[in-house]
Amino acid sequence: MSKKVLSREQIRQEVQQRLLRGPSTPAGLAGIAIPMPKSHSLDVHARNWDMEEFGGAGYGEYVRKVVDEARKEFLLSDSAERDELLGDSLAHS
């Protein structure tokens, strides 16, 4: 299965939509902030991004399941990583 390449914001929005529209969405999850995905080198499962733990007590397992499903379907765009590095370098100059 080929993966769709998305930007950091597109991945964040996709994860947010999946969290909120899932059939087993826990009550109270709608108010949480969804972090941006963090890039990493391609792993053995051909994934190149992840998200920090979020969602608080009681939501961790559900959130991790949704994030892991998205990681199977989407690659983080290389240009997103370059943009992040450029932004960091500008912020520190």
TODO: Under 9 Å between Cβ atoms, at least 6 apart or on separate chains: pull out the pairs that start in the range 7-26 with a residue that is closer than 13 Å to K38 by Cα and end on any residue that is modelled with pLDDT under 90 and among the charged types (D, E, K, R).
DONE: S7/D83; R8/E81; R8/D83; R8/E84
Open item on the list: Pull out all pairs, ordered by first then second residue, where Cβ-Cβ is under 7 Å, the residues are six or more apart or on different chains, the first lies in the range 47-65 and is of a type in the set (A, V, I, L, M), and the second is at pLDDT 90 or above and part of a loop (DSSP other than H, G, I, E, B).
Closed with: M51/P35; M51/P37
Task: Residue count for the range 57-74, restricted to those that are out of contact with any helix residue (DSSP H, G or I) (no Cβ under 9 Å at 6 or more places or on another chain) and not basic (K, R) - done: 5
- [ ] Tell me which residues, restricted to the range 27-77, are surrounded by 11 or more Cβ atoms within 10 Å (Cβ to Cβ), in a helix (DSSP H, G or I) and either of a type outside the set (G, A, S) or at positive phi (or both).
- [x] L29, Y62, V63, R64, K65, V66, V67, D68, E69, R71, K72, E73
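The values are calculated or read from the model by the stated rules, or taken from the named source; none is laboratory data. In this text, all values refer to a predicted model and were calculated from it rather than measured experimentally. Cβ sites come from the backbone with ideal geometry, for glycine too, and all protein chains shown count toward neighbours.
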